Amino acid sequence: MADIIRLEKVSKVYGEKIKTQVLFDIDLAFEKGSFNSIIGASGSGKSTLLNIIGTLDKPTTGKIFIGDDDVSSLGKKKLADLRNKTLGFIFQFHYLLPEFTALENVLMPYRIKGRTLDKSTLKKADELMDMVGLSKVKNNPANNMSGGATTKNSYRQGAHEQS
Amino acid sequence: MRLSFKIASRFLRFNLGQTFLIVTGIAIGVSVQVFIGLLIQGLQQDLINTTIGSSSQVTISATKDSGTIRSWEDIVKDIKQNEQGVNQISPAADGAAFLLGEDSSDPVIVRGWIFEEAEGIYAIEEKLIEGKVPGEGEVIIGLNLKDELGLSVGDDIKLATANGRIQDYKISGFYDFRVSSINSSWVITDIKTAQGLFDYGDEVTSIEMQVEDVFAADEIAASIESRLNNEELIIDNWKAQNQELLSGLNGQSISSIMIQVFVMVSVVLGISSVLAITVMQKSKEIGILKAMGIRDGDASRIFLLQGLILGVFGAMLGVALGLGLSVAFTTFALNPDGTPIIAFYINYGFIALSGGIAILASLVASLIPARKSLKLNPIEVIRNG
């Protein structure tokens, strides 16, 4: 199968005066349709790597390809669209927009695409929330849920980006 | 756009207390603006009304040599037909005389009017406090002269002119122009009576006018001058005669504009600093939205829309407050006789302008946070939690 994500000689150095190198010339590829996990001791650079793959952070040297695109060559708008349509995040800490309800948080990536909501999208979001047992709290404000529910919700938020 | 608006309004509703505070801040600025602006404009209106409202604003008079205006009917007709800005026009036959008392005499100015025409300028009916408008051979005199000489309606007075004519006239009433120099010197009579007293024949000494826009009096005077093109006539206007009043009015306008500018500046600073803080508050949300792929343009539009919403609500509340203040001022700040010190004056254009400036200022103020949001990098937000 074709590689969906490919990293070429990616390294990351934090700091300007005191330099801390976290990633050392990493070559890495993920197959399309595969399920991967990255395991390592704390401080080994897992988050850094994921942030770079997720286009939230930029590598100091090296290139990242998502699909066929070289991420470093993409403009701000293209990058925003890539995050919106191709990538999904579940953060280490629970990031939801407290101003919106759980359901609205799930639908947010879809709205960012600029499409208007129709019944089938709403139904799909409902199904996704139902799948993780959040139907009861879907109309609660996002900051009004338990920790576990929040995690589940951010997972759904991530999953719904793919749709 | 719709998404930005939804997020903006949700942000504002989420921090309702803070939103209310900002709106109140803008509203107070706008209300001060509206209140002071209307107050000063009303004051000016009042001042102009009392000083030149009941007097001639453009006057055609004869030069000293000729003394009287010949064929004045033609001039009046010409101006009535062709001069746009002239509201009222009235001829007058004036002359200096002495009012002879028992043991003293007072210098007076005898003014002969056609009352149907003069009413438009002087509103004599309103100023008459006793008696009636004089007919032929009758006069009305001012309150000060009446008190001084102890006269009453029906009494006779003796007028003496410079060329030695002395004649008796009957007092038909008393007026009060609320200007003591007029009240103690004008003896008002019918135009025929004055023409007879001074031997003017059918001629008059001046033609008096009121104009639509008092501040255009000088232009109208110039236009009349070129129209008549007569060297024997002098065309004067109130602006040339009241330089001091004019510069006073100007000074007042400038100082009121200064006050309004500073109020506006403080409003803009207030809005922009508060909005700048809201970007800091919402940086986490903006970071999440950016991670979800919101475009920079949409993200900064959130703040512009917040500024717009705050501006619109602030302006509406401010205009309402400002009008309320004005009404309260005219209701509670009264002269001893119960009339408001400054009459309530509404200038819709000015109110709309104040509101518009506030909305524009809010938009401009929100440019700063909008720009700031462009620079916000999602990773900073996510890394720093």
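The values are calculated or read from the model by the stated rules, or taken from the named source; none is laboratory data. Quantities reported herein were computed from a predicted structural model and do not represent experimental measurements. Every residue, glycine as well, gets a Cβ built from its backbone with ideal geometry; the counts of neighbours run over all protein chains shown.
Below, the figures for the structure above:
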quantity	calculated
Exclusive hit being basic (Lys, Arg), farther than 16 Å from B:SER4 by Cα and modelled with pLDDT of 80 or more, set A:LYS136, A:LYS124	A:LYS124
Selection within segment A:62-98 - free of Cβ contacts under 8 Å to residues at least 12 places away in the same chain and under 30 Å from A:LYS136 (Cβ atoms)	A:PHE93
Matching residues, segment A:36-81, being within 10 Å of chain B (Cβ to nearest Cβ) and either β-branched (Val, Ile, Thr) or touching a Gly at 6+ places or on another chain (Cβ under 7 Å) (or both)	A:THR48, A:ILE52, A:THR55, A:ALA80, A:ASP81
Residues being at pLDDT 80 or above and more than 12 Å from B:ILE26 (Cβ to Cβ) - total across segment B:337-359	9
Some residue of segment B:188-195 being more than 23 Å from B:GLN88 (Cβ to Cβ), more than 37 Å from the chain's Cα centre (by Cα) and among the polar types (S, T, N, Q)	no
Tally, over segment A:73-132, of residues that are farther than 17 Å from A:GLY54 by Cβ and of a type in the set (A, V, I, L, M, F, W, C)	14
Residue satisfying condition, being surrounded by 14 or more Cβ atoms within 10 Å (Cβ to Cβ), without any contact (Cβ under 8 Å) to a residue 60 or more places away in the chain and polar (S, T, N, Q), within set B:SER71, B:SER61, B:SER105	B:SER105
Unique residue being within 12 Å of chain A (Cβ to nearest Cβ), of a type in the set (A, V, I, L, M, F, W, C) and surrounded by 18 or more Cβ atoms within 10 Å (Cβ to Cβ) when the list is B:LEU275, B:LEU289	B:LEU289
Segment A:139-155 - residue that is surrounded by fewer than 17 Cβ atoms within 10 Å (Cβ to Cβ) and not in a helix (DSSP H, G or I) and, of those, modelled with the lowest pLDDT	A:SER146
Candidates B:PHE5, B:PHE14 - the one that is in contact (Cβ under 8 Å) with a residue 24 or more places away in the chain and within 30 Å of B:LEU308 (Cβ to Cβ)	B:PHE5
Any hit, segment A:40-59, residues being in contact with a Ser or Thr (Cβ under 7 Å, 6 or more places away or on another chain), over 25 Å from B:LEU289 (Cα atoms), surrounded by 16 or more Cβ atoms within 10 Å (Cβ to Cβ) and not basic (Lys, Arg)	no
Residues of segment B:11-52 classified as crowded, with 16+ Cβ neighbours inside 10 Å and either within 11 Å of chain A (Cβ to nearest Cβ) or not in a helix (DSSP H, G or I) (or both), total	3
Failed condition for B:SER54, given (1) in contact with a Leu (Cβ under 8 Å, 6 or more places away or on another chain); (2) at pLDDT below 85; (3) under 25 Å from B:ILE188 (Cβ atoms)	(1)
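For (1) closer than 20 Å to B:PHE115 by Cβ; (2) surrounded by 18 or more Cβ atoms within 10 Å (Cβ to Cβ); (3) out of contact with any Pro (no Cβ under 9 Å at 6 or more places or on another chain), each residue gets a yes or a no:
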site	(1), (2), (3)
B:ASP168	no, no, yes
B:ASP176	yes, no, yes
B:VAL187	yes, yes, yes
B:ASP190	yes, yes, no
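Results for (1) surrounded by 13 or more Cβ atoms within 10 Å (Cβ to Cβ); (2) among the small types (Gly, Ala, Ser), shown as yes or no for each residue.
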{"site": "B:LEU100", "(1), (2)": "yes, no"}
{"site": "B:GLU126", "(1), (2)": "no, no"}
{"site": "B:ILE129", "(1), (2)": "yes, no"}
{"site": "B:ILE140", "(1), (2)": "yes, no"}
{"site": "B:ASN144", "(1), (2)": "yes, no"}
{"site": "B:GLY150", "(1), (2)": "no, yes"}
{"site": "B:LEU159", "(1), (2)": "yes, no"}
{"site": "B:GLY173", "(1), (2)": "yes, yes"}
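Residue-wise test of (1) among the β-branched types (Val, Ile, Thr); (2) farther than 22 Å from B:TRP238 by Cα; (3) in a helix (DSSP H, G or I).
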site	(1), (2), (3)
B:GLU73	no, yes, yes
B:ILE121	yes, no, yes
B:ILE140	yes, yes, no
B:GLY164	no, yes, no
